[in-house]
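J.: Dropping the structure in here first, questions after.
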Ligand SMILES: Cc1ncc(C[n+]2csc(CCOP(=O)(O)OP(=O)(O)O)c2C)c(N)n1
């Protein structure tokens, strides 16, 4: 870090801000207007990872943020560089991931003149970010950059973009330390209402069939310890949404599974039959609730969320609590303990019955772990990855069937291990997200599980992986289809398969070999365990292309707009021809 007051150019001031924010590594792609920044970077200790497409810079920054809980940083040039970031920004927005995106802009005096590589980045990214800034002069740069980090990480996290014209990078100025951030109109309520918290504690003890519905906010809010404490204090069953997997350990006896469109039978029946729903850091997403009018219709609802806009958006709660889920749970747990002597015995019998019912649901329809003798079932693949991970590995997923099987069948015993594009469902996410995660956590075993479709969207990043010798285990679940779209066409469009067949998948050994690392294709069940073990043992990257059953469908499945208890549990029985 430099002495405050030292004369620098804007690019150096920006680097000073990043260093003071604790940024050790970021992801980007240079261009004309960011040349002064990249020139300053030449002398910096901060690591820059040159991705092969700007969209992947943003996804990698998300992988960094999602695997650490810290702010991820990406950078792109003006015009096409900035517009290439947009999908990543929307992805981070949908999943509330703290990102700071730096974009270069054309020189101030050219703005509005349709200059070369000019785009209205500020306008384009306004709805794609939690907040965005256009820097007008070098003096305001430190304040803006520190505000950007503060906004990205505080309250409900999200992406913040800072657009910097080339002349601001070049102008001479000072780094002035920023001690306070005062943003009129931006208020974060963290503490929760004491009276509401007390009422919630009482309702929890009074309920006969209580149920915890934990969302991504429990991961973002680092509330694992408090969530686990609540679960254990009252012996509550809990589901974690796709965004929350790992916030209660998947190996915890009270963890039921993921709920929703591809959630388990027990999870969806529990959500439907409970009489108290304790919704924590979650947004009642349509993929979880299904038909809203039928969702948890017997339940009273406690809803804790840091974002007041989420409270009552889809379901009006009986007890709304605006606050940081960690802080609120600390207070809630205290109140629950205080009420324990008076209330614990009252519903003990009903609670025991409730658990019996839940265990029955779990026993009646567990997740399908089908295996076959002649072909590799996708479920078999996920089971084997789970075995090697032991609930400890970082797993990134792309979007589609493989994502759902991975979420169903792989255990996550900690938060920040399961990394996927939940809200936006952006194909091409998995591989660059793994780059960010492996950079952030070099000691961790990282699996990037991709479909053969999504993988082909991110092939350029194989070069980034090779260049940094990142030991990512890339597992392509290759069904020769855009599998999830094929599944919908099969089930809801009379099996009229239109534009979903993926031919010409490259030879994995040659493809990986072309980048200088190992790869292999397998298609027999007996090859699977050994091939995965070999991939994990390999000190560098590894590309394992696993040819699986082509026409397997993910079950359970709640048809779009249906009630979640009306799940389709498996394929229709074949018609008997007499
Ligand atoms: C960028 C983008 N384009 C299109 C889609 C729509 N989509 C959702 S799943 C899917 C199929 C994914 O196929 P693949 O990557 O092979 O994974 P699989 O479903 O077979 O596991 C598609 C096209 C999307 N989610 N993202």
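J.: Of all residues in the range 119-146, which are within 24 Å of the chain's Cα centre (by Cα) and outside any loop (DSSP other than H, G, I, E, B)?
T.: Residues of the range 119-146 within 24 Å of the chain's Cα centre (by Cα): 124-132.
Scanning the range 119-146 gives 124, 125, 126, 127, 128, 131, 132.
J.: Further question on the same structure: Give just the number: which of (1) in contact (Cβ under 8 Å) with a residue 12 or more places away in the chain; (2) over 17 Å from the mean Cα position of the chain (by Cα) does residue 43 not satisfy?
T.: Here residue 43 meets the rest and fails (1).
J.: State whether the residues of the range 178-187 include one that is in contact (Cβ under 8 Å) with a residue 24 or more places away in the chain, within 22 Å of residue 310 (Cα to Cα) and surrounded by fewer than 23 Cβ atoms within 10 Å (Cβ to Cβ). Don't jump to the end; show me each part of the working.
T.: We begin by selecting, within the range 178-187, every residue in contact (Cβ under 8 Å) with a residue 24 or more places away in the chain; these are 178, 181, 183, 186.
Those still in the list that are within 22 Å of residue 310 (Cα to Cα) too: 183, 186.
Subsequent filtering for residues that are surrounded by fewer than 23 Cβ atoms within 10 Å (Cβ to Cβ) retains 183, 186.
Scanning the range 178-187, I find at least one residue that is in contact (Cβ under 8 Å) with a residue 24 or more places away in the chain, within 22 Å of residue 310 (Cα to Cα) and surrounded by fewer than 23 Cβ atoms within 10 Å (Cβ to Cβ), so the answer is yes.
J.: What are the pairs with Cβ atoms under 6 angstrom where one residue, in the range 69-96, is farther than 19 Å from residue 165 by Cα and the other, located anywhere, is part of a strand (DSSP E or B) and modelled with pLDDT of 95 or more? Sequence gap at least six, or different chains.
T.: Listed pairs, sorted by first residue: 71/100; 72/99; 89/159; 92/99; 92/159; 93/159.
J.: Go over the candidates 570, 516, 561 one by one and state the one that is assigned to a loop (DSSP other than H, G, I, E, B), out of contact with any helix residue (DSSP H, G or I) (no Cβ under 8 Å at 6 or more places or on another chain) and surrounded by 13 or more Cβ atoms within 10 Å (Cβ to Cβ). Don't jump to the end; show me each part of the working.
T.: Working: 516 fails: out of contact with any helix residue (DSSP H, G or I) (no Cβ under 8 Å at 6 or more places or on another chain); 561 fails: surrounded by 13 or more Cβ atoms within 10 Å (Cβ to Cβ).
Unique residue meeting the criteria: 570.
J.: Hey, another quick one. Return the residues of the range 270-315 that are closer than 19 Å to residue 158 by Cβ and without any contact (Cβ under 8 Å) to a residue 24 or more places away in the chain; say none if nothing qualifies.
T.: 309, 311
J.: Criterion first (under 28 Å from residue 362 (Cα atoms) and within 16 Å of the ligand (Cβ to nearest atom)) does residue 549 satisfy it?
T.: Details: under 28 Å from residue 362 (Cα atoms): yes; within 16 Å of the ligand (Cβ to nearest atom): yes.
In short, yes.
J.: Would you point out which residue out of 101, 148, 128, 92 is over 15 Å from residue 54 (Cβ atoms), in contact with a strand residue (DSSP E or B) (Cβ under 9 Å, 6 or more places away or on another chain) and buried (at least 20 other Cβ atoms within 10 Å of the Cβ)? Explain how you work it out, then say what you get.
T.: Working: 101 fails: over 15 Å from residue 54 (Cβ atoms); 128 fails: over 15 Å from residue 54 (Cβ atoms); 92 fails: over 15 Å from residue 54 (Cβ atoms).
Step by step, each of 101, 148, 128, 92 is checked, and only 148 is over 15 Å from residue 54 (Cβ atoms), in contact with a strand residue (DSSP E or B) (Cβ under 9 Å, 6 or more places away or on another chain) and buried (at least 20 other Cβ atoms within 10 Å of the Cβ).
J.: I've got another one for you. Going through the range 470-481 one residue at a time, which ones are crowded, with 22+ Cβ neighbours inside 10 Å and over 21 Å from the mean Cα position of the chain (by Cα)?
T.: Passing the criteria: 478, 479, 481.
J.: Hey, among 122, 116, which residue is surrounded by fewer than 24 Cβ atoms within 10 Å (Cβ to Cβ) and out of contact with any strand residue (DSSP E or B) (no Cβ under 8 Å at 6 or more places or on another chain)?
T.: On the way: 122 fails: out of contact with any strand residue (DSSP E or B) (no Cβ under 8 Å at 6 or more places or on another chain).
Result: 116 is the single residue among 122, 116 that is surrounded by fewer than 24 Cβ atoms within 10 Å (Cβ to Cβ) and out of contact with any strand residue (DSSP E or B) (no Cβ under 8 Å at 6 or more places or on another chain).
The values are calculated or read from the model by the stated rules, or taken from the named source; none is laboratory data. Treat the numbers as computed from the prediction; the structure is a model and nothing was measured. Glycine also receives a Cβ, built like all others from the backbone with ideal geometry; neighbour counts cover every protein chain displayed.
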